[in-house]
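The values are calculated or read from the model by the stated rules, or taken from the named source; none is laboratory data. Quick caveat: nothing in here was measured; it's all calculated off a predicted structure. Positions of Cβ are generated from backbone atoms using ideal geometry, with glycine treated the same way; all protein chains shown enter the neighbour counts. In case anyone asks, the SASA skips ligands and DNA or RNA and just uses the protein heavy atoms, side chains included. Shrake-Rupley method; radii C 1.70, N 1.55, O 1.52, S 1.80 Å.
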Amino acid sequence: MSTVAMQPSVRFDRKRIRANALGRGLLGGLTAILTWEICSRAPQLFGFSVPYIGVIPAPSKVLVEWSILLNEPSYWRSWYQSFFRVFAGFGVAFLLGVPLGLALARSKIIFGALFPVFEVLRPIPPIAWVPVSIIFWPTQEMSIAFVIFLGAFYTMTLSTMNGAREIDPALIQSAVSMGASRWSLYRNVILPATLPSVTTGAAVGMGITWEVVVAAEMISGGQSDRAGGGLGRLMWNAYVTGNYNAIVVAMISIGIAGYFSSALVRLLGRQLAPWAAR
C-alpha cells in the first residue's frame, strides 16, 4: 500500500524537477542574451567597447537578419540539405561502426588486425580528409557525406567496442552453457547489453557530424546563398561577403539542428533500451 501511495508523489516530484530545470534553463538563456546585447551595445550605452564579445553583432541585429532569411527559400533548402547530408553520413557510420565495434570487442583476431590501423586513422581530423574526399569520390554529395561519416564513425565504433567489453563475462558464460548459438548470443545478450553505449556513442557522434558540416559543405563551393548549399555553406558565404549577422544566424541554426538531432538519437535510444534510461 505504501509503495502504491508513493507513486503519485514520485511522479509529481519528477514533474516539478523538470519544470524547475526548464525554468533555470530559460532564465540562464535570457540572462546570456541580455548580457550579449548590453556588451554589443556598450559603445553606444557606456562609451567604451567590451573586449571580444563586444565585436559580435547584437542579438537584436541578428534577429532582424534571421527574420529576413526566414523568408528566403534558400535558407530552408540549406536546412534540408544539411539534414540530409548529416543523416546520410551518420546512417552509414552507424551501420558500419556498431558491427565493427562489436567485432573488435569479441574477436582477438579482428582486433589485432584492424585496431592498429583504426588508431592510426582516428586522430586525423575530418577536415583534413576534405582534399582527399574531393579527389577520391566522384560527386560533391558523396564527398560531403564521407567527411560527415568520418565525424561519427570513430566515436561510435569506440563506444560500441568499450560497451561490449564491459559486459559481465558471467552473462556470456551462462548463455553459452545453456546452448546459445553465436547469433543468439549476440542478439539476446551482447547487443542488448551494449545498447546503452551504442546510444551514447550515437548521440556524441551526431553532435560531431554537425561540428564538421561546415568543413564538409565547403566542398559545395559552386553554389550561392540563393541556391542553398547547406547551413555550413551559408555560414561560409556570409563570412566571405562580410555579413556577420548572417554568420551568427547560421551558427545558431547549426546549434539548434545539432541539439534536436542528438535529442532524437537519445529518444530512440530510450525506446530501444528503456532499462538503461535515467
- Message: Looking at segment 245-271, I want the residues that are under 24 Å from Leu234 (Cα atoms) and have a partner that is open to solvent by 60 Å² or more (accessible area, probe 1.4 Å) with Cβ atoms under 6 Å, at least 6 apart or on another chain. Which pairs are those?
- Response: Asn245/Lys61; Ile247/Tyr239
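Mind listing just one residue for me: the one in segment 193-220 that is assigned to a helix (DSSP H, G or I) and touching a Phe, Trp or Tyr at 6+ places or on another chain (Cβ under 8 Å) and, of those, most open to solvent (accessible area, probe 1.4 Å)?
Here is the first cut: in segment 193-220, the residues assigned to a helix (DSSP H, G or I) are 193-211, 213-217.
Filter once more, so that each one left must be touching a Phe, Trp or Tyr at 6+ places or on another chain (Cβ under 8 Å): 202, 205-206, 209, 214, 217.
Values: Ala202: 4, Gly205: 0, Met206: 0, Thr209: 0, Val214: 33, Glu217: 0 Å².
So the residue we want is Val214.
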- Query: Out of all the residues in segment 17-39, is one or more at pLDDT 75 or above, closer than 23 Å to Ile247 by Cβ, open to solvent by 70 Å² or more (accessible area, probe 1.4 Å) and not in a helix (DSSP H, G or I)?
  - Reply: no
- Close pairs (7 angstrom Cβ cut-off, 6 or more residues apart or separate chains): in a loop (DSSP other than H, G, I, E, B) in segment 125-147, surrounded by fewer than 16 Cβ atoms within 10 Å (Cβ to Cβ) anywhere: none
- Query: Quick one: is Tyr186 of a type in the set (Phe, Trp, Tyr) and farther than 13 Å from Phe90 by Cα?
  - Reply: yes
- Over segment 60-69, the set of residues closer than 17 Å to Leu34 by Cβ and either buried (at least 18 other Cβ atoms within 10 Å of the Cβ) or among the β-branched types (Val, Ile, Thr) (or both) is Val62
- Query: Can you tell me which residues in segment 152-174 are open to solvent by less than 30 Å² (accessible area, probe 1.4 Å), at pLDDT 80 or above and more than 11 Å from Gly97 (Cβ to Cβ)?
  - Reply: Gly163, Ala164, Ile167
- Message: Would you confirm, using the coordinates I've provided, whether Met235 is surrounded by fewer than 18 Cβ atoms within 10 Å (Cβ to Cβ), touching a helix residue (DSSP H, G or I) at 6+ places or on another chain (Cβ under 8 Å) and within 27 Å of Ala202 (Cβ to Cβ)?
- Response: no
- segment 70-88, residues that are farther than 21 Å from Phe146 by Cα, part of a helix (DSSP H, G or I) and open to solvent by 20 Å² or more (accessible area, probe 1.4 Å): Pro73, Trp76
